[in-house]
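**Q** The structure's right below; bear with me while I get my questions together.
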Amino acid sequence: METIDALRVTWYLLIGLLFAGYSILDGFDLGIGVLFPFLAKKEEEKRLLLRSIAPVWDGNEVWLLTAGGALFAAFPQVYATVFSGFYHALMFVLWALIFRAVSLEFRAHDQRRKRLWEFAFVAGSLIPAFLFGVALGNVLVGVPLDEGMEYTGGLLTLLRPFPVVIGLLGLVAFALQGSTYAALKTEGELQRRAVRMERKVRFPFLLLFLISGGAAFLSIPGAVGKPLAWVAAAVVLAALALLGPVLRKGRYQAAFWLSSTMFVGLWAIVGAIHFPHLVRGRGPGGFSLTIHNASSGLLTLKVMTVIALLGMPMVVAYTAYVYRVFRGKVSSEQEGY
Amino acid sequence: MTAVLLARVQFALAVGFHFLFPPLTFGLSLVIFLLETVRIRSGNEVARRAVDFLVRILGLIFVVGTATGITLEFSFGTNWSQYARFVGDIFGAPLAAEGVFAFFLESVFLGVLVFGRARVAPRVYWLSSFLVFFGAHLSGLWIIIANSWMQTPAGFAVEGGRAVLTDFWAAALNHSTVVRFVHTVAAGWITGLLFVAGVAGFYLLKGRHSEEAGIMLRVALPVFVVVSFAQALLGHQHSVQVARTQPEKLAAFEALWQGQKHAPLALFGLPMSAKEKTLLYVGIPGLLSWLVHGDAGAYVPGLADFPPEERPPVFLPFISYHIMIALGFVFVALAATALVLLALRRVHQTRWFLWALLVAVPLPHLANQFGWIAAEVGRQPWVVYRVLRTADAASVVVSTGQVLFTVIVFAAVYALIFVVFLRILVALIKKGPAAPEPAPPLA
């Protein structure tokens with residue numbers, strides 16, 4: 001394999017890892033946002049939930065910014081095609097993320113509009129949690145592209161059944177991640193509610209996982225013949241099966257790792273059935289964006305690899321340190337919103 | 001209006017609003033780091049209360065900065081996809097590096113600063129204040145690298161209609177990176193230092209939180225004096241760099257229609273591009289030549305020396321550049337006054353000066369905005385100087401109607417966020433630092 005091809009594959013994997021890291025970390029605080037109205041009833045409970053994510057959500061969101069930057073640098077054509085093609089969908093994600101980012105701080109200080117900022121937090125979590133999956137579903141199943149790599153579909157093209165199912169699967173996966181995190185960080189009634197919530201979303205997750213898996217095997221050419229996808233699917237199902245017993249035993253940390261493993265499994269399936277595509281083309285030309293025709297040049301990929309090798313181990317190390325600093329249950333006495 | 005013009009309006013709105021926050025972060029993180037250093041050296045409780053207060057404000061500024069920063073990263077793909085295709089090889093890497101090296105650092109340790117005082121050892125807290133300061137500035141460096149490459153591109157070759165990186169260091173440390181970074185950081189420090197000094201002045205005028213206000217002024221004012229004087233030189237250096245590497249931009253800044261020896265430095269005027277004339281022009285003959293070349297007789301190229309389709313607009317860059325410089329002199333005057341009062345030890349008693357500090361708080365923001373307008377409009381009609389035209393950089397699949405819709409939503413969203421942000425900021429300032437904890441009863 002030529003160097004540039006090796007680097008292209010490396011960046012295909014690294015961007016997958018960044019998205020997986022984002023799903024695991026920002027996944028739990030997006031999930032807390034999605035479940036917020038169901039988990040927290042009293043003001044005290046709301047504050048506890050918000051405190052559980054307060055010191056870390058901002059750092060978690062940087063995974064998305066970094067994944068976006070890495071995609072831009074390693075596969076600029078994909079960045080250009082998807083962001084301009086999915087214009088309005090991504091603008092809604094953007095506005096949701098903007099409101100979500102300010103909502104926690106504003107809620108704590110703007111007493112008169114507390115309900116508005118709570119709504120911003122919930123909607124700001126719900127919209128991206130759904131639309132990320134929709135975007136991914138489109139890229140997987142294919143969108144109309146012309147030879148100039150431009151998207152030729154409309155807004156409704158994006159809302160075909162397969163992408164919507166992937167969107168719902170993503171939403172439920174984020175909710176699951178939020179529920180295991182809430183169970184880990186809280187106590188008493190709030191914790192019991194989080195555990196019950198996990199039970200409630202487990203079945204819809206399984207259902208959506210099977211539907212989208214079946215649909216993927218039917219509609220994505222060659223998907224059936226990817227052993228890694230089968231292994232990863234088995235890992236997701238095994239982790240899902242273990243979640244219940246582990247939570248019943250009160251091993252909340254293990255439960256959080258299990259739901260995180262499920263996200264890794266989901267991304268592994270995506271990576272396996274999609275490779276070497278980045279955006280599958282659909283329609284007359286059958287033109288697709290792959291790691292071969294959409295990547296940046298050799299030197300950029302080399303520089304990016306050095307940046308990733310130098311930087312990411314440090315990021316993981318100090319992120320782990322800061323999670324240790326804030327480990328344990330949240331209490332109403334500690335500093336926070 | 002065309003889609004390209006609307007996309008420019010949207011980007012200007014997004015970047016202008018965003019740029020209210022990072023400069024404040026630069027200056028505030030500096031003051032917090034300095035105060036925290038005082039606190040760790042001497043165990044000063046007043047410094048601790050001042051830090052806690054400023055950290056709350058930094059937390060607020062940082063989330064709005066983050067929220068509005070995401071827009072910019074998205075915009076390169078959503079609205080400027082042809083730009084992204086053309087420069088992805090070069091422009092994406094600094095954005096990714098910003099995330100990996102800087103933004104993670106800043107946001108993870110800001111979590112420690114805002115929520116971790118009781119959970120980490122004092123040394124770790126001090127180190128966190130340094131890492132937030134360091135991360136903020138490193139973040140700024142990567143962004144300035146990316147933007148400076150658009151001003152003075154280097155280290156690349158155009159192959160198959162795309163810019164391909166040929167030399168990373170040449171691209172990163174292009175002709176304008178260093179001087180623009182230093183100039184921008186100094187502007188950020190002035191912004192944050194004046195903010196802290198203004199708030200401290202307000203407390204002294206009201207006779208509240210006098211101890212915390214005292215230590216905030218003691219740290220912020222001397223640094224403000226040094227940076228304001230230094231900025232005059234740094235700004236000059238930047239203008240000289242522009243004259244060397246983007247001569248038509250300097251000609252627009254100075255409304256120099258015809259190239260000439262003994263070129264004058266414009267002090268005032270209203271440039272009219274259509275007639276290539278400047279109304280009410282006041283200038284000092286020979287001074288521009290002297291400032292740029294050290295020789296009052298040297299030739300400085302004018303706009304007529306460049307093909308009409310490559311000339312920048314003149315009115316906006318001229319006006320913005322001159323307002324920025326005028327504000328720079330206001331800061332120098334404030335700094336000179338501060339220096340005298342510091343030497344006389346009369347800062348606290350000089351009420352008009354405390355008022356002046358308070359009134360001056362918004363001025364660096366104006367200077368920052370006008371400086372960026374001058375820099376970016378002065379680069380037109382290019383998005384990448386002499387390589388890619390702005391008109392060829394916008395997304396081709398996004399329609400005028402689509403951009404119009406999003407411009408309107410952005411304007412509404414940002415207006416709402418700005419109003420609420422200001423109200424919360426004012427409320428936090430009115431509340432001020434927490435009261436000292438009562439002394440423990442004597443045993």
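The values are calculated or read from the model by the stated rules, or taken from the named source; none is laboratory data. Not measured: the values here are computed from a predicted model. Cβ: placed from backbone, ideal geometry, glycine included. Neighbour counts: every protein chain shown.
Here's the yes/no breakdown for (1) within 7 Å of chain B (Cβ to nearest Cβ); (2) surrounded by fewer than 23 Cβ atoms within 10 Å (Cβ to Cβ); (3) touching a residue at least 24 places away in the same chain (Cβ under 8 Å):
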residue: A:TRP63; (1), (2), (3): no, no, yes
residue: A:ARG113; (1), (2), (3): no, yes, no
residue: A:PRO128; (1), (2), (3): no, no, yes
residue: A:VAL141; (1), (2), (3): no, yes, yes
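**Q** Considering only residues that are within 18 Å of the chain's Cα centre (by Cα) and facing chain B (nearest Cβ under 8 Å), look in the stretch A:48-61 and name the one that is nearest to A:TRP11 (Cα to Cα).
**A** A:GLU61
**Q** Considering every residue within the stretch B:148-162, establish whether at least one is closer than 22 Å to B:PHE370 by Cα, assigned to a loop (DSSP other than H, G, I, E, B) and either touching a Cys at 6+ places or on another chain (Cβ under 8 Å) or not basic (Lys, Arg) (or both). Show your work before the answer.
**A** Narrowing the stretch B:148-162 to residues closer than 22 Å to B:PHE370 by Cα: B:148-152.
Narrowing further to those that are assigned to a loop (DSSP other than H, G, I, E, B): B:152.
After this cut, where a residue has to be either touching a Cys at 6+ places or on another chain (Cβ under 8 Å) or not basic (Lys, Arg) (or both) as well, the list is B:152.
So far as the stretch B:148-162 goes, yes, one or more of its residues are closer than 22 Å to B:PHE370 by Cα, assigned to a loop (DSSP other than H, G, I, E, B) and either touching a Cys at 6+ places or on another chain (Cβ under 8 Å) or not basic (Lys, Arg) (or both).
**Q** Looking at (1) part of a helix (DSSP H, G or I); (2) touching a residue at least 60 places away in the same chain (Cβ under 8 Å), find the lone condition where B:ILE144 falls short.
**A** (2)
**Q** Looking at the stretch B:160-177, I want the residues that are at the interface with chain A (Cβ under 9 Å from one of its Cβ atoms) and under 13 Å from A:LYS302 (Cβ atoms) and have a partner that is among the acidic types (Asp, Glu) and crowded, with 18+ Cβ neighbours inside 10 Å with Cβ atoms under 6 Å, at least 6 apart or on another chain. Which pairs are those?
**A** Close Cβ pairs satisfying both conditions: B:VAL164/B:ASP89; B:LEU165/B:ASP89.
**Q** Spot the failing condition for A:ALA96; the list is (1) at pLDDT 95 or above; (2) in contact with an Asp or Glu (Cβ under 8 Å, 6 or more places away or on another chain), and only one is missed.
**A** A:ALA96 satisfies all of (1) at pLDDT 95 or above; (2) in contact with an Asp or Glu (Cβ under 8 Å, 6 or more places away or on another chain) except (2).
**Q** What number goes with the only condition from (1) under 23 Å from the mean Cα position of the chain (by Cα); (2) within 14 Å of chain A (Cβ to nearest Cβ); (3) not in a helix (DSSP H, G or I) that B:ALA394 does not pass?
**A** (1)
**Q** Which condition number does A:VAL270 fail, the rest of (1) hydrophobic (A, V, I, L, M, F, W, C); (2) part of a helix (DSSP H, G or I); (3) more than 22 Å from the chain's Cα centre (by Cα) being met?
**A** The number of the failed condition is (3).
**Q** Additional query: What is the number of the single condition among (1) within 25 Å of A:MET304 (Cα to Cα); (2) surrounded by fewer than 18 Cβ atoms within 10 Å (Cβ to Cβ); (3) touching a residue at least 60 places away in the same chain (Cβ under 8 Å) that B:ARG123 does not meet?
**A** (1)
**Q** Would you mind telling me which numbered condition in (1) over 18 Å from B:GLN151 (Cα atoms); (2) touching a Lys or Arg at 6+ places or on another chain (Cβ under 6 Å) B:VAL242 fails?
**A** (1)
**Q** Go through the residues of the stretch A:209-224 one by one and say whether even a single one is at pLDDT below 95, touching a Lys or Arg at 6+ places or on another chain (Cβ under 8 Å) and either buried (at least 21 other Cβ atoms within 10 Å of the Cβ) or of a type outside the set (Val, Ile, Thr) (or both).
**A** There is no residue in the stretch A:209-224 that is at pLDDT below 95, touching a Lys or Arg at 6+ places or on another chain (Cβ under 8 Å) and either buried (at least 21 other Cβ atoms within 10 Å of the Cβ) or of a type outside the set (Val, Ile, Thr) (or both).
**Q** Filter the stretch B:292-315 for residues that are surrounded by fewer than 19 Cβ atoms within 10 Å (Cβ to Cβ) and assigned to a helix (DSSP H, G or I) and give the result.
**A** B:HIS293, B:ALA304, B:ASP305, B:PRO308, B:GLU309, B:GLU310, B:PHE315
Quick grid of which residues meet (1) touching a residue at least 40 places away in the same chain (Cβ under 8 Å); (2) over 21 Å from A:PHE83 (Cα atoms):
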position: A:HIS274; (1), (2): yes, no
position: A:ARG280; (1), (2): yes, no
position: A:THR305; (1), (2): yes, yes
position: A:ALA308; (1), (2): yes, yes
position: A:TYR321; (1), (2): no, yes
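**Q** Ok, one more. Checking B:GLU106 against (1) more than 14 Å from every other protein chain (Cβ to nearest Cβ); (2) under 19 Å from the mean Cα position of the chain (by Cα); (3) under 30 Å from A:SER331 (Cα atoms), which single condition isn't satisfied?
**A** Of the numbered conditions (1) more than 14 Å from every other protein chain (Cβ to nearest Cβ); (2) under 19 Å from the mean Cα position of the chain (by Cα); (3) under 30 Å from A:SER331 (Cα atoms), the odd one out for B:GLU106 is (1).
**Q** Applying the selection to the stretch B:231-288, what residues are within 21 Å of the chain's Cα centre (by Cα) and more than 16 Å from B:PRO301 (Cβ to Cβ)?
**A** Passing the criteria: B:GLN231, B:ALA232, B:LEU233, B:LEU234, B:GLY235, B:HIS236, B:GLN237, B:HIS238.
**Q** Filter the helices (runs of 4 or more DSSP H) completely within the stretch B:1-84 down to those with at least 3 residues that are among the acidic types (Asp, Glu) and closer than 19 Å to B:ALA415 by Cβ.
**A** No helices (runs of 4 or more DSSP H) qualify here.
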